[in-house]
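The values are calculated or read from the model by the stated rules, or taken from the named source; none is laboratory data. Everything numeric in this text was worked out from a predicted model, so none of it was measured. FYI the Cβ positions are ideal-geometry reconstructions off the backbone, even for glycines, and counts take in every protein chain you see. Only protein heavy atoms, including side chains, enter the accessible area calculation; ligands, DNA and RNA are left aside. Shrake-Rupley method; radii C 1.70, N 1.55, O 1.52, S 1.80 Å.
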Amino acid sequence: MTQQNQTNTLSAPETPAHRSQQDIRAQNQALILAAAEEEFVLQSYRGATMQGIADRAGLPKANIHYYFKNKKNLYKAVLRSIIEEWNEGLVTMTVDSDPTIVIENFVRTKLHQAFTRPNRHKLFALEVIGGAPHLHDFMSTTMQEWALDKIEVMKTWHEQGKIGVTDPLQLLILIWATTQRYAEFETEIVGLMAKDGYDEQDEARAAEFLVPFILRGCGLY
């Protein structure tokens, strides 16, 4: 094969068949992750089975093994997808961003995730309470690097006089703690409100209190 032919082969566009296969793979993986998330919450990591996840996903067990090999890999994939979703709210923040907009959006996004996808928070909490054996490496590398990057941005904001927070890590911990509690302790909170479950107004009520409260603490309100 000539160099020209090699170049043409390497740069050839994807065919509709290739795109279709990729779409099917992505759809199946998303379906499996959603089913696994629910199974792990209901049965715990120890009690969950690949067959149970397959039944919940409506797919053959062989498909689950094809994409994720084993339960441990699947569990780690679920946990990492949860963290990546939570962190999306700060992905684009830079030293040039408006701190008020960034922090308010992050708080509102985290609250929305807590109210609409509480199982994700409960599963993550169970893992951390157990010492995070499946997340230790991820937390000490990828997650730590993410947090340090955001902390450095907020330190620069402080130096520029944009924000009154001198310990950004404590701010991140505060936002995580206050927003995620609505999911992790849903039974306690709805019980205190003398209700059977959250309604559409509860997320807005939480945001109306937390957003100005946190912004005031940052010297932004």
With a 1.4 Å probe and every protein chain left in place, tell me how much accessible area Glu203 has, in Å² to the nearest 10.
50 Å²
Please compute the modelled spin-label separation between Arg216 and Val128, points set 7 Å along Cα→Cβ, answer in nm with one decimal.
2.6 nm
For the chain, the accessible surface attributable to carbon and sulfur atoms (probe 1.4 angstrom, ligands and nucleic acids excluded) amounts in percent to 53 percent
The simple spin-label model distance between Ser44 and Thr156, using points 7 Å out along Cα→Cβ, in nm, is 4.5 nm
Column: log10 I(q)/I(0), Debye, Cα scatterers of segment 94-165, q = 0.19 Å⁻¹:
-0.96
If I take R0 = 30 Å and measure r between the Cβ atoms of Asn70 and Arg181 in this structure, what FRET efficiency does the formula 1/(1 + (r/R0)^6) give, to the nearest 0.05?
0.35
Which three extents, in angstrom, do the Cα atoms of the chain have along their principal axes, listed largest first?
65, 51, 33
Rounded to the nearest 10, the angle in degrees between the Cα long axis of helix 168-184 and the longest principal axis of the Cα atoms of the chain comes to 70 degrees
Note: segment 132-187, point scatterers on Cα, Debye, no solvent; log10 I/I(0) at q = 0.12, 0.16, 0.26, 0.27 Å⁻¹ equals -0.39, -0.64, -1.01, -1.03
Reachable lysines from Lys69, Cα under 26 Å, same-chain residues fewer than 8 places away excluded?
Lys61, Lys122
Counting only protein heavy atoms and leaving out ligands, DNA and RNA, the solvent-accessible surface of Asp55 at a 1.4 Å probe, in Å² to the nearest 10, equals 100 Å²
Any chance you could give the angle, 0 to 90 degrees and rounded to 10, that helix 71-87 forms with the longest Cα principal axis of the chain?
40 degrees
Estimated distance in nm for a label pair at Glu145 and Asp55, the labels positioned 7 Å out from Cα along Cα-to-Cβ:
4.0 nm
Per-pair calculated FRET efficiency, R0 = 41 Å: Asp23 and Asn87 via Cβ, rounded to 0.05
0.95
With -39,500 (n - 2.57) per DSSP H segment of 4 or more residues and division by the full residue count of the chain, the 222 nm estimate, nearest 500 deg cm²/dmol, is -23500 deg cm²/dmol
Qualifying aspartates and glutamates (Cα of each under 13 Å from Cα of Lys150; at least 8 residues distant if same chain)
Glu88, Asp96, Asp167
Starting from 0 in steps of 10 Å, tell me what percent of the Cα-Cα pairs of segment 37-95 lands in each bin.
21, 46, 20, 11, 3
